[in-house]
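A.B. asks: The structure is given below, and queries will be raised subsequently.
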Protein chains: 2
Amino acid sequence: MKKIINQAQNVVPEMVQGFVRAHQEKIQQVPETFVLKQKGIQKQVVLISGGGSGHEPAHAGFVGSGMLQAAVCGQVFTSPTPDQIFEGIKAIDQGQGVVMVVKNYSGDIMNFDMAKDLAEMEGIKVGTVVVDDDIAVEDSTYTQGKRGVAGTILVHKILGAAARNGASVEELVTLGEKVVESLKTIGVALTGATVPEVGKPGFVLADDEIEFGVGIHGEPGYKREKIKPSKEMAQELISKLKAVFGWKAGDRFAILVNGLGSTPLMEQYIFYEDAMNLLEADGVEVVFSKVGNYMTSLEMAGLSVTLLKVEDEWVKALNEEVDTVAW
Amino acid sequence: MKKIINQAQNVVPEMVQGFVRAHQEKIQQVPETFVLKQKGIQKQVVLISGGGSGHEPAHAGFVGSGMLQAAVCGQVFTSPTPDQIFEGIKAIDQGQGVVMVVKNYSGDIMNFDMAKDLAEMEGIKVGTVVVDDDIAVEDSTYTQGKRGVAGTILVHKILGAAARNGASVEELVTLGEKVVESLKTIGVALTGATVPEVGKPGFVLADDEIEFGVGIHGEPGYKREKIKPSKEMAQELISKLKAVFGWKAGDRFAILVNGLGSTPLMEQYIFYEDAMNLLEADGVEVVFSKVGNYMTSLEMAGLSVTLLKVEDEWVKALNEEVDTVAW
């Protein structure tokens, strides 16, 4: 394992310290927690998300006006504990309630749910939006149903805009559920990732091998094949998305091509172009594009592609200004 | 070689197409070139930069109001040709002149210089700022003197703000030279990078080996050692910077910790924290921080640290709003 770290068991606290110091003009740490919150929150329903670390810039990079008001950082690839989430909820609540955006992993679902119970006992209103955008497989190593992956960032953005513009907890939950229904992601991995405390890759692919549908914690995908050109990888992934959406000409989408860690932007833009050509050939209209590392899996090589079938209001929300480190 | 590409010789045109399509609201391609220019340039002295591709998001990611007005994309790790640079200059000139920000590599120096001659023959006023911030070695595979690396981004930002605020070509060149004198960078690599058309890494390090001072095209550094903790890597790099700056307590700096490609943000923030602790111990005041992948070397693992001894005006410029893809 070749990493720029000190002791493997300290990577999360040290990263959090660095993050807070680098971005102290917009971010503060909730004392004695690994919760990072927005400085200067306006009076609004607030949003909290989080999960295991190792997916940076998710989620702390999306804390700021117009997106999340707090992110809770668990250990690497491990859900944060209920008490940490609860501290985050208390630290950001402005008296109008809180919405939690949770990726669909059993540990996260359980712990966010317990935090919700704790908060409700203190009279804080809490809503939950569960994101399960990964269409690769049903049920997985750490999940019942589908996994939550990169599309979560778009949920943060659309709900974040609505919350800033005055939406209630109920309205945000309804909106969130609607967005998640229209949100699908699928990816391809070229290498595994190494959790510092484990010290070796979660899975190993041969030098000429790729795996479609791998999860962001290295959960198994649906197919291993020899490496192939970007155009063919795009064909594979876009055809899976097409099968689920069943789109027709004129349908309108947002796209996110998300690097998983060590895949250069050059490759992400090449793949994006190939994916866009396929969508264009079907007459699908892409009205919002984003390309880059937003939900990573440590140093995994590969990428995912997310499509969101959009409504006009959502496009407006995706384009609204935010004050975050990483959007 | 395991990359998400189609044919190796087409990576730059395909990447450029993808980039323009993804960011068409702010970027346009100068027809029949690999020059990317800002849409809707105001009346001002304009800035152009560029160089070999493979350093994304540099430089196209820094095109936009308040930074560059154009970026010229050469082949991977290869200077753009004079005619491409010249087309870029013509496409953005607003009649008030152009300043070229050039990283110090022999090919870039020669080609930007020839483009300047071509532009001056057409009556366009052109100034040049050469960036040679890498203190690792004197002279290198492709360079006489010191190499230009990640600190270039800070030059773009400070000159970009001054140009938008009305500075002349002469003022920008003087300012640029002053910034470059106060700008020093040094890095460490954990792995090499593979140029697609070459198909194998430019250099190979053993599984437990790192190299200090490697260039962003894999140029040799000054020392190979066994992997060590982040704190010790920070000690090595910061002590080199200290020797050059000779700082004293109260001196004010901006810092950029720049990921070279496949090093996760987690590791970059851990290293940043270690570097900051060393600076703090010396009483140095860091007034501006940036952490992330800004000047990469394809999928190289490692990072660089840049320090800029700042003046008040420069800090203001670093903090001004811009409308770019990647700042």
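The values are calculated or read from the model by the stated rules, or taken from the named source; none is laboratory data. Note that the structure is a prediction, hence the values are computed from the model and not measured. Using ideal geometry, Cβ is built from the backbone for each residue, glycine included, and neighbour counts are taken over all protein chains shown.
A.B. asks: I'm trying to understand the selection: among the residues of the stretch A:137-173, which are buried (at least 24 other Cβ atoms within 10 Å of the Cβ) and either among the β-branched types (V, I, T) or part of a loop (DSSP other than H, G, I, E, B) (or both)?
C.D. replies: Listed by number, the residues that qualify are A:R147, A:G148, A:V149, A:A150, A:G151, A:T152, A:I153, A:V155, A:I158.
A.B. asks: For B:D83, all conditions in the list (1) within 14 Å of another protein chain (Cβ to nearest Cβ); (2) within 28 Å of B:P196 (Cβ to Cβ); (3) surrounded by fewer than 24 Cβ atoms within 10 Å (Cβ to Cβ) hold save one; what is the number of the exception?
C.D. replies: (1) is the only condition that B:D83 fails.
A.B. asks: Under 15 Å from A:L298 (Cα atoms), within 12 Å of chain B (Cβ to nearest Cβ) and not in a helix (DSSP H, G or I) - does that describe any residue in the stretch A:200-214?
C.D. replies: The answer is yes; a qualifying residue exists.
A.B. asks: State yes or no: is B:K184 buried (at least 19 other Cβ atoms within 10 Å of the Cβ), within 18 Å of B:V310 (Cα to Cα) and among the charged types (D, E, K, R)?
C.D. replies: The answer is yes for B:K184.
A.B. asks: Something else: In the stretch A:52-71, how many are outside any loop (DSSP other than H, G, I, E, B), away from chain B (no Cβ under 14 Å) and either among the small types (G, A, S) or at positive phi (or both)?
C.D. replies: 1
A.B. asks: Tell me which residues, restricted to the stretch B:238-293, are charged (D, E, K, R), within 13 Å of another protein chain (Cβ to nearest Cβ) and in a helix (DSSP H, G or I).
C.D. replies: Within the stretch B:238-293, B:E267, B:E273, B:D274, B:E280 meet the criteria.
A.B. asks: Just wondering, is there one or more residues in the stretch A:180-188 that are of a type outside the set (F, W, Y) and within 14 Å of another protein chain (Cβ to nearest Cβ)?
C.D. replies: From the stretch A:180-188, those of a type outside the set (F, W, Y) are A:180-188; that's our starting set.
From what's left, within 14 Å of another protein chain (Cβ to nearest Cβ): A:187-188.
Within the stretch A:180-188, one or more residues are of a type outside the set (F, W, Y) and within 14 Å of another protein chain (Cβ to nearest Cβ).
A.B. asks: Same structure again: Against the condition modelled with pLDDT under 95 and of a type in the set (A, V, I, L, M), how does A:V180 come out, does it pass?
C.D. replies: No; evaluated as a whole, the condition is false for this residue.
A.B. asks: Go through B:A301, B:A317 for me and flag whichever is among the aliphatic types (A, V, I, L, M), more than 22 Å from A:V20 (Cα to Cα) and within 8 Å of chain A (Cβ to nearest Cβ).
C.D. replies: B:A301
A.B. asks: Quick one: count up the residues across the stretch B:2-43 that are in a loop (DSSP other than H, G, I, E, B) and either on the phi > 0 side of the Ramachandran plot or within 7 Å of chain A (Cβ to nearest Cβ) (or both). Spell out how you get there, then give the answer.
C.D. replies: Applying the first criterion (in a loop (DSSP other than H, G, I, E, B)) to the stretch B:2-43 yields B:2-7, B:23-26, B:30-34, B:39-43.
So of that shortlist, the ones also either on the phi > 0 side of the Ramachandran plot or within 7 Å of chain A (Cβ to nearest Cβ) (or both) come out as B:2-6, B:32, B:40.
Residues meeting the conditions: 7.
A.B. asks: Would you point out which residue out of B:E197, B:E232, B:E219 is over 20 Å from the mean Cα position of the chain (by Cα) and farther than 19 Å from A:T263 by Cα?
C.D. replies: Only one candidate passes the filter, namely B:E232.
A.B. asks: Right, another one. Find the residue count for the stretch B:96-112, including only residues that are within 23 Å of B:A162 (Cα to Cα) and surrounded by fewer than 24 Cβ atoms within 10 Å (Cβ to Cβ).
C.D. replies: 3
A.B. asks: What residue, of B:V310, B:V325, is within 13 Å of chain A (Cβ to nearest Cβ) and of a type outside the set (D, E)?
C.D. replies: Just one listed residue meets the conditions, B:V325.
A.B. asks: For the stretch A:159-171, state whether one or more residues are of a type in the set (S, T, Y), more than 14 Å from chain B (Cβ to nearest Cβ) and closer than 21 Å to A:G302 by Cα.
C.D. replies: no
A.B. asks: May I pose another question? So is A:I48 in a loop (DSSP other than H, G, I, E, B), away from chain B (no Cβ under 14 Å) and in contact (Cβ under 8 Å) with a residue 12 or more places away in the chain or not?
C.D. replies: No, not satisfied.
A.B. asks: Can you name every residue in the stretch B:38-49 that is crowded, with 23+ Cβ neighbours inside 10 Å and either out of contact with any Gly (no Cβ under 7 Å at 6 or more places or on another chain) or hydroxyl-bearing (S, T, Y) (or both)?
C.D. replies: B:V46, B:S49
A.B. asks: Do we have B:V45 as over 18 Å from B:A22 (Cα atoms) and over 14 Å from the mean Cα position of the chain (by Cα) here?
C.D. replies: yes
A.B. asks: So for the stretch B:79-89 (the condition being over 15 Å from B:A150 (Cβ atoms) and in contact with a Gly (Cβ under 6 Å, 6 or more places away or on another chain)), does at least one residue qualify?
C.D. replies: Yes.
A.B. asks: Kindly indicate whether A:E120 is in contact with a strand residue (DSSP E or B) (Cβ under 9 Å, 6 or more places away or on another chain) and either surrounded by fewer than 24 Cβ atoms within 10 Å (Cβ to Cβ) or of a type in the set (G, A, S) (or both).
C.D. replies: Values: in contact with a strand residue (DSSP E or B) (Cβ under 9 Å, 6 or more places away or on another chain): yes; either surrounded by fewer than 24 Cβ atoms within 10 Å (Cβ to Cβ) or of a type in the set (G, A, S) (or both): yes.
Answer is yes for this residue.
A.B. asks: Still on this structure: Collect the residues in the stretch A:134-164 that are more than 14 Å from A:S49 (Cβ to Cβ) and either at pLDDT below 95 or touching a helix residue (DSSP H, G or I) at 6+ places or on another chain (Cβ under 7 Å) (or both), keeping them in residue-number order.
C.D. replies: Once the filter is applied, which keeps residues that are more than 14 Å from A:S49 (Cβ to Cβ) and either at pLDDT below 95 or touching a helix residue (DSSP H, G or I) at 6+ places or on another chain (Cβ under 7 Å) (or both), the stretch A:134-164 yields A:I135, A:V137, A:E138, A:D139, A:S140, A:T141, A:Y142, A:T143, A:Q144, A:G145, A:A161, A:A162.
A.B. asks: Assuming B:V325 fulfils every condition listed in (1) in contact with an Asp or Glu (Cβ under 6 Å, 6 or more places away or on another chain); (2) closer than 27 Å to A:G261 by Cα apart from one, which condition is it?
C.D. replies: (1)
A.B. asks: Quick check: is even one residue across the stretch A:285-296 surrounded by 17 or more Cβ atoms within 10 Å (Cβ to Cβ) and touching a Ser or Thr at 6+ places or on another chain (Cβ under 8 Å)? I'd like the intermediate steps shown before the answer.
C.D. replies: Residues of the stretch A:285-296 surrounded by 17 or more Cβ atoms within 10 Å (Cβ to Cβ): A:286, A:288-296.
Narrowing further to those that are touching a Ser or Thr at 6+ places or on another chain (Cβ under 8 Å): A:295.
The answer is yes, given that some residue of the stretch A:285-296 is surrounded by 17 or more Cβ atoms within 10 Å (Cβ to Cβ) and touching a Ser or Thr at 6+ places or on another chain (Cβ under 8 Å).
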